[in-house]
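Accompanying notes for the structure given below.
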Amino acid sequence: MFNKRDHTRLICDVGEIAGLFHDAPSMEEFLQKITAMVTRHMECEVCSIYLYYADEKELVLKATKGLNSVSVNQVRMKIGEGLTGLALKEKRPICEGQAKGNPNFRFFPGIGEEKYESFLAVPILRGSIEIGVMVIQSQKKDYFSSEDVQVFRAITAQLAATIETARLLITLDDQRAIVSATLPADLKFIIGRCGAEGVACARTVVVNESLTDMKQFEMVDGSQYSEKDLHTALEKTEQQLEGLQARIESVFKDVTALIFTAQILMLKDKGFIGSVFSLIRDGLNPPQAVIQVVQGYVTKFSMIEDAYLREKIYDVKDVGRRLLENLTGLSASDYDYQDKIAIARELFPSDVLKLFSQKVKGIILLSGGVTSHVAILVRSLNIPLVITNELALLSLEPTTEVLLDAFMGHIHINPDASIKTKILQREELNRNIGSLKRMIQDHPRTKDGIAVKLMANINLLGDLKAANEFKAEGIGLYRTEFPFMIRSNFPSEEEQYLIYQRLVEGMPGKDITIRTLDIGGDKVLTYSGYGREENPFLGLRSIRFSLKHTDVFIAQLRAILRAGEGRRVGILFPMISSLDEFLDAKKIVQECMAQLKIEGKKFIDNPHLGIMVELPSVVEIIDDMAREVDFFSIGTNDLTQYMLGVDRTNDSVAQMYLPHHPAVLRALKKVVDAGLRYGRDVSICGDMAHDPKYLGLLLGLGIRTLSMDARYLPRIHESLGQLSILECEQLAREVLSQSQISRITQILEHAHHAV
Ligand code: PEP
Ligand code: MG
């Protein structure tokens, strides 16, 4: 058996998986290579991959190392049939030390399984969607330990998305084509909203839509290219994609997402590339053949109902385009995102990573809001982002020059020279991080000496650098959903443990608050497979999801508890609406601790347990909550949304999304007072915490801990030193006595300018 260190290395080694694409001329052979890799790592004799075909409700053996290869495509079983079918039916690993003795064992003559005693089957799942089953076997009895089960689960989870793409490519059928078009419009200047601060001036490219346009390649005289040129182009394309994947891996150690491997897979697919070559043999020239096959695939993918799989349409277009570019040498200037401003109707986190990896200069997004998680991710990556509803931007001529002033939320189309110089000079100033650091006080205090704890919100581990540079006094909120959103499957306990461990190590000696999974609403996991909700903000969001899917919750809690060992780590439950929910969550934490103890694992046995105050219902029962919880963290983004009934992501009601509405402010006061009465810490971690306009008011209400994206720390440090608590308290009293929003707006503006 191998030791634990090997296990850990394997789980993180995405590079090795990506390497499997080399010399794998078909999907079947790619799967075959996976089986060989797994037997090597798990030190066993057999590894088999069964894919699940939902239409036939059947598992089919698709690749095996160790069993008789003629059984491939022959061995089929229903869900629930045999130990393999049982693993899929019950969505859990089945581990048998002496499998033949198990009444559920299903014997297939000729497969060559007789000599194998130990058997371990793990379902391959994307969320709750069944992709197949991976099985390992050994001749030795009782060979697989419980640790092996964990590791094999982690490997399977890591491979799930890739295997799913392989399955899709294996099973696609021919269908009809679609074409789309957009109308041009005359645009000069657009006022949108700032999603992520910054300035960019560059030519534009419309994401995705532009990729459907193969016209420039259709006009090329394709007869000048040979099959050999196509082979060279294929090689070059593959190298480029591997380079992109490597870049992502080097930047995002915590998300190890196989973003570009789906595209590499397509290049390897017999169906895809084989069709190109067979069209060439039928008389088409290479560019024509590529265009025809890509369009055929676009059609097939667009017929798929599952929105997540349909998204792979962009991968096909993307890879087709890249291949044509490498074949013809024609630089598709409207395709490459490098140094461009990307205009997108909609983006998923993986798209954001792709754009980032291609060094996009700025993004214009035509949907979502500034507090949506795509916006938060873009902010973490320091890409300027403006959000607007102006759909006509999609019709901008490719390569139009645009100046994105994301500080102001402004989009200048074909800007004149003077505007350009002014804005770019201002940006130059803003980039001066050295001077920003000078705004940081060692011990942040008000003018009259009252200490205020300024902490950082962390979305990606990369945010830790700025948090430390700007002397954050800990992490007030770690949004754990990012590693979940960026990858295409639930990360295993082991993977999460490694991420949380790096988080904790990245802030030595300081308090850390880790929030459990907060998905739903604008934070969609494309793979969770629980269907679209009519009203996702009021649906199976956050803690509701965790309490329903306790397997996901338990894996996360165990990972947090283990990573928190020896440190001051708090666990924060999002979107709690009742005491019952908190107590249910607390009970599961206690059960996890009891189980970890039995397993002899190290963990933090006194984690602080707190709740996000985000719902009006909790404000009403705040005293009852204060008796039970260790701390409150006020999520003003959601609290504002739910108190005022204003969608935080909807641009057309943005003017009503006002955290200084008297109802919200009175709610804050109630929470602060309850915290004081019961000796519970109260902090604010919503966007209100980083707005200097609100700082005095929040201090006056009694808030002494604020947590914000690290980039905002310098200006809050600076503002803090200009305020005195007595004046802040006076301001809070005055504001709380008002009943009109307009009046509060005036008072706050006046107070802000007076400082
Ligand atoms: C909030 O709602 O204010 C908050 C901090 O949580 P998130 O923005 O992640 O929903
Ligand atoms: Mg929230």
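Residue-wise test of (1) buried (at least 16 other Cβ atoms within 10 Å of the Cβ); (2) outside the structural domain of SER633 (by TED's automatic domain parsing); (3) within 16 Å of ligand 2 (Cβ to nearest atom).
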residue	(1), (2), (3)
PHE545	yes, no, yes
ILE554	yes, no, no
PHE573	yes, no, yes
LEU583	no, no, no
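Screening the candidates ALA754, ALA732 for the property of being open to solvent by less than 70 Å² (accessible area, probe 1.4 Å) and either within 16 Å of ligand 2 (Cβ to nearest atom) or not hydroxyl-bearing (Ser, Thr, Tyr) (or both) yields one hit, ALA732. Checking each residue of the range 85-103 against the condition of being charged (D, E, K, R), in contact with a strand residue (DSSP E or B) (Cβ under 7 Å, 6 or more places away or on another chain) and within 28 Å of GLN263 (Cα to Cα) gives no match.
I'm checking my understanding of the structure. Among residues of the range 735-747 that are open to solvent by 80 Å² or more (accessible area, probe 1.4 Å) and in contact (Cβ under 8 Å) with a residue 40 or more places away in the chain, which one is farthest from ARG666 (Cα to Cα)? Among those that are open to solvent by 80 Å² or more (accessible area, probe 1.4 Å) and in contact (Cβ under 8 Å) with a residue 40 or more places away in the chain, it is GLN740.
Of all the residues in the range 83-131, those that are in a loop (DSSP other than H, G, I, E, B) and either at pLDDT 90 or above or not acidic (Asp, Glu) (or both) number 21.
Test TYR657 against the criterion of being within 16 Å of ligand 2 (Cβ to nearest atom) and among the hydroxyl-bearing types (Ser, Thr, Tyr), and give yes or no.
Spelling it out, TYR657 is indeed within 16 Å of ligand 2 (Cβ to nearest atom) and among the hydroxyl-bearing types (Ser, Thr, Tyr).
Among residues that are away from ligand 1 (no atom under 15 Å from the Cβ) and either at pLDDT below 95 or touching a strand residue (DSSP E or B) at 6+ places or on another chain (Cβ under 6 Å) (or both), ASP605 is included. In the set GLN240, GLN288, GLN263, GLN245, only one residue is modelled with pLDDT of 90 or more and either farther than 30 Å from GLU493 by Cβ or outside the structural domain of ASN459 (by TED's automatic domain parsing) (or both); that residue is GLN288.
The values are calculated or read from the model by the stated rules, or taken from the named source; none is laboratory data. On a predicted model such as this, the values are computed, not experimentally measured, just so you know. When we count neighbours, we look across all protein chains shown, and the Cβ atoms used for this are built from the backbone with ideal geometry, even at glycine. Each accessible area value is taken on the protein alone, full model and side chains, heavy atoms only, with ligands, DNA and RNA left out. Shrake-Rupley method; radii C 1.70, N 1.55, O 1.52, S 1.80 Å.
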